[in-house]
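Asker: Got a structure for you, written out below as structure tokens; questions coming shortly.
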Amino acid sequence: MTDWSRATGTTYDLTFGYRDEARLAEVVGELATDRVASRIAAKDATLWGPEAEEESAKRLGWVALSTASRELVPQIEALREELRSAGVTRVVLCGMGGSSLAPEVICGAAGVDLGVLDSSDPDFVRSFVGDRLSETVVVVSSKSGGTVETDSQKRVYEQAFRDAGIDPVGRIVVVTDPGSPLFESATEAGYRVFVADPTVGGRYSALTAFGLVPSGLAGADIGGLLEEAEAIRPALEEDSVDNPGLRLGGLLGAANLEGVDKLVLASAGSSYPGLGDWIEQLVAESTGKHGKGILPVVVESVDAPNFAPSTRDEVLVSFGPDLVFDTRPPASGWGAAVDASLGAQMLLWEYATVTAGRVIGINPFDQPDVESAKAAARSMLDGGGDERSPAFEIGDVTVFASPGWLPAGVGSVDGAVSALLAHLDGVTGYVAVQAYLDRFRDADLAEVRGGLAVRTERPVTFGWGPRFLHSTGQYHKGGPDTGVYLQITGTPAEDLAVPDRPFTLGEFITAQAVGDGQVLADKGRPVLRLHVTSPNGLATVRQALAP
């Protein structure tokens, strides 16, 4: 049975569902008594324990961005007008993870066009570079300044501009942290550089230059976005049991401590396409570590499998105004419906995520397992990693399996998929589908998520590689050992060289898939990789994944 309560303010409307009202009240009451909200606002780095203090002390700048980032607005708007007066009206963003997901949501909500180039797939990259180059400005965003995907995209665009007789200096805008390698090289080259706040981690950077520069250049109302965040800020800083951030974060944390560790996200009439993907990265990378965490599962609608019906280890959360939640109670007894403006949603979810981290007992600001996949990919490119021999090849599909789980004698794609799913725990398990393909050309592949959820009656996530490596990739390796992993890779129609680098994009994306698979396998996770060499091969894979 689920009980429901409602919290409303001038900037938000939240409905909460809970199985144990006394337990939730206890958790939220402790958060209020411990002054967690006001201490977050005061950038108190001690909130997540002594081991987290050093990292937390460098990562709390996001709490004041609704005012601190306002000085960026006129600078971005002036540059937008300068570019438009020169006929440069198309904006492409090269970035990964927090550098791309927030601008994608902001521009989608505003109804303005932003090309988000967040892949190493050579066909995908080529489709961007070959489209309206003469009227394109490229925003290159990397907090560390060393993101290989972003550096590769930048190099490809620089070469394309030069080949077209266009000076890249006038067409590339850089967003990075002060002192990063990208800051140094871009400044030396004469590019326009926007410096981001170094005290804000990537997944909390929606209201920094990372979120605002590409969005503002594309035409979104970034000043209005900051005002929306500022409007909810007083409620989030108040040490009260009615604080929406404490209530949402407390609910996620309390449920997690009871073993309800999946967060199913669905739009309910929301006008913010992609918000679920942004929340996914924020929550998964912040909480999935040390064998703990919350796994976000982004579904297609409130009528989609995993939301309807749901499982007993899922918190159901909708965003948008439409869902009447008490007509569809979650199987777990835990749920929420969140309706607020986009800027308010972003700040609310950031507060809720760090609050849940305190309840669960993890540091929400580090990502200890992200680097392992990057290192494995680099090793593959340098010849230091070994790609395992295929288990078998049939038609246009080559099948690879991590050691120890694929039974001898399996010789079909259907059989390999069934064998992987046989390792799925029926109470706590989940399936992660990871497609290292062109996410525009092969967009309908994402439909396999719902079919697998019906087939397994378990939570199923779908991520485009390498995009998900900067999101749920942390949870896969650092969270609970309950997943099975299906990689889908492909042979591009045509490879693409990376200027002044000893690898092609095709080689790089393969190294990313193989490297991440090896890290998962080293942790004992079952990994199946299906490599397709033609559209017929991809059709075979789709058929094997059908309900």
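The values are calculated or read from the model by the stated rules, or taken from the named source; none is laboratory data. Small disclaimer: the values here were computed from a predicted structure and weren't measured. Here Cβ is always computed from backbone atoms with ideal geometry, including for glycine, and neighbour counts include all displayed protein chains.
Here is a yes/no grid of residues against (1) more than 25 Å from the chain's Cα centre (by Cα); (2) among the hydroxyl-bearing types (Ser, Thr, Tyr):
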site	(1), (2)
Arg6	yes, no
Arg19	yes, no
Ala42	yes, no
Ser56	no, yes
Ala68	no, no
Val91	no, no
Met96	no, no
Ser100	no, yes
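Asker: On the given criteria, is Val213 within 27 Å of Ile40 (Cα to Cα) and either out of contact with any Asp or Glu (no Cβ under 9 Å at 6 or more places or on another chain) or in a helix (DSSP H, G or I) (or both)? Can you show your working first?
Answerer: Details: within 27 Å of Ile40 (Cα to Cα): yes; either out of contact with any Asp or Glu (no Cβ under 9 Å at 6 or more places or on another chain) or in a helix (DSSP H, G or I) (or both): yes.
Yes, satisfied.
Asker: While we're on this one: Please find, within the stretch 105-157, the residue that is farthest from Ile172 (Cα to Cα) out of those that are acidic (Asp, Glu) and surrounded by fewer than 20 Cβ atoms within 10 Å (Cβ to Cβ). Spell out the reasoning first.
Answerer: Filtering the stretch 105-157 for residues acidic (Asp, Glu) gives 113, 118, 121, 123, 131, 135, 149, 151.
If we keep only those that are surrounded by fewer than 20 Cβ atoms within 10 Å (Cβ to Cβ) as well, we get 113, 131, 135, 151.
Details: Asp113: 17, Asp131: 16, Glu135: 12, Asp151: 12 Å.
Looking at residues that are acidic (Asp, Glu) and surrounded by fewer than 20 Cβ atoms within 10 Å (Cβ to Cβ), I get Asp113.
Asker: A further question follows. Counting only residues that are hydrophobic (A, V, I, L, M, F, W, C) and at pLDDT 95 or above, give me the helices (runs of 4 or more DSSP H) lying completely in the stretch 1-105 with at least 3 of them. Don't jump to the end; show me each part of the working.
Answerer: Working: elements: 21-33, 36-41, 50-56, 65-68, 72-85.
Helices (runs of 4 or more DSSP H) meeting the threshold: 21-33, 36-41, 72-85.
Asker: Kindly indicate which of Ala521, Ala539, Ala497 is farther than 17 Å from Asp118 by Cβ, within 23 Å of the chain's Cα centre (by Cα) and outside the structural domain of Tyr204 (by TED's automatic domain parsing).
Answerer: Step by step, each of Ala521, Ala539, Ala497 is checked, and only Ala521 is farther than 17 Å from Asp118 by Cβ, within 23 Å of the chain's Cα centre (by Cα) and outside the structural domain of Tyr204 (by TED's automatic domain parsing).
Asker: Pick from the stretch 378-403 the residues that are closer than 23 Å to Val541 by Cβ and among the small types (Gly, Ala, Ser): which of them is farthest from the chain's Cα centre (by Cα)?
Answerer: Filtering the stretch 378-403 for residues that are closer than 23 Å to Val541 by Cβ and among the small types (Gly, Ala, Ser), the one farthest from the chain's Cα centre (by Cα) comes out as Gly395.
Asker: Also, I was wondering about something else. List the residue pairs whose Cβ atoms are under 7 Å apart, where the first residue sits in the stretch 379-401 and is within 15 Å of Ile488 (Cβ to Cβ), the second is at pLDDT below 80, and the two are 6 or more positions apart or on different chains.
Answerer: The qualifying pairs are Phe400/Arg388.
Asker: Would you check which residues across the stretch 370-420 are over 30 Å from Gly201 (Cβ atoms), at pLDDT below 80 and loosely packed, with under 13 Cβ neighbours inside 10 Å and list them? Quick ask: steps written out before the conclusion?
Answerer: As a first pass, look at the stretch 370-420 and keep what is over 30 Å from Gly201 (Cβ atoms): 383, 386-420.
Now restrict to residues that are at pLDDT below 80: 383, 386-388.
Across the stretch 370-420, the qualifying residues are Gly383, Asp386.
Asker: If Gly333 meets every condition in (1) of a type outside the set (Ser, Thr, Tyr); (2) touching a Lys or Arg at 6+ places or on another chain (Cβ under 8 Å); (3) farther than 21 Å from Ala7 by Cα; (4) surrounded by fewer than 24 Cβ atoms within 10 Å (Cβ to Cβ) apart from one, which number is that one?
Answerer: (3)
Asker: Looking at Thr461, Thr504, Thr482, which is the one that is farther than 19 Å from Asp261 by Cβ and of a type in the set (Val, Ile, Thr)? Before you say what the answer is, go through the steps one by one.
Answerer: Numbers: Thr461 fails: farther than 19 Å from Asp261 by Cβ; Thr482 fails: farther than 19 Å from Asp261 by Cβ.
So the residue among Thr461, Thr504, Thr482 that is farther than 19 Å from Asp261 by Cβ and of a type in the set (Val, Ile, Thr) is Thr504.
Asker: Related question: Under 30 Å from Gly250 (Cβ atoms), outside the structural domain of Ala284 (by TED's automatic domain parsing) and acidic (Asp, Glu): is that true of Asp167 in this structure?
Answerer: Numbers: under 30 Å from Gly250 (Cβ atoms): no; outside the structural domain of Ala284 (by TED's automatic domain parsing): yes; acidic (Asp, Glu): yes.
In short, no.
Asker: Also, I was wondering about something else. Against the definition (outside the structural domain of Ser144 (by TED's automatic domain parsing), touching a residue at least 60 places away in the same chain (Cβ under 8 Å) and basic (Lys, Arg)), how does Arg247 come out, yes or no? Quick ask: steps written out before the conclusion?
Answerer: On the way: outside the structural domain of Ser144 (by TED's automatic domain parsing): yes; touching a residue at least 60 places away in the same chain (Cβ under 8 Å): yes; basic (Lys, Arg): yes.
Considered against the rule, which asks whether it is outside the structural domain of Ser144 (by TED's automatic domain parsing), touching a residue at least 60 places away in the same chain (Cβ under 8 Å) and basic (Lys, Arg), Arg247 comes out as yes.
Okay, residues lined up against (1) hydrophobic (A, V, I, L, M, F, W, C); (2) buried (at least 20 other Cβ atoms within 10 Å of the Cβ); (3) farther than 30 Å from Gly333 by Cβ; (4) in contact (Cβ under 8 Å) with a residue 12 or more places away in the chain:
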| position | (1), (2), (3), (4) |
| --- | --- |
| Phe16 | yes, yes, no, yes |
| Ala41 | yes, no, yes, yes |
| Ala45 | yes, no, yes, yes |
| Leu72 | yes, yes, yes, yes |
| Val88 | yes, no, yes, yes |
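Asker: Still on this structure, I have one more. So which of Ala344, Ala336, Ala331, Ala352 is over 21 Å from the mean Cα position of the chain (by Cα), outside the structural domain of Thr461 (by TED's automatic domain parsing) and aliphatic (A, V, I, L, M)?
Answerer: Just a single option satisfies the conditions, and that option is Ala331.
Asker: Here is a list: Asp239, Asp303, Asp221. Which entry is without any contact (Cβ under 8 Å) to a residue 24 or more places away in the chain, surrounded by fewer than 22 Cβ atoms within 10 Å (Cβ to Cβ) and of a type in the set (D, E, K, R)? I'd like the intermediate steps shown before the answer.
Answerer: Details: Asp239 fails: without any contact (Cβ under 8 Å) to a residue 24 or more places away in the chain; Asp221 fails: without any contact (Cβ under 8 Å) to a residue 24 or more places away in the chain.
Answer to the check: Asp303.
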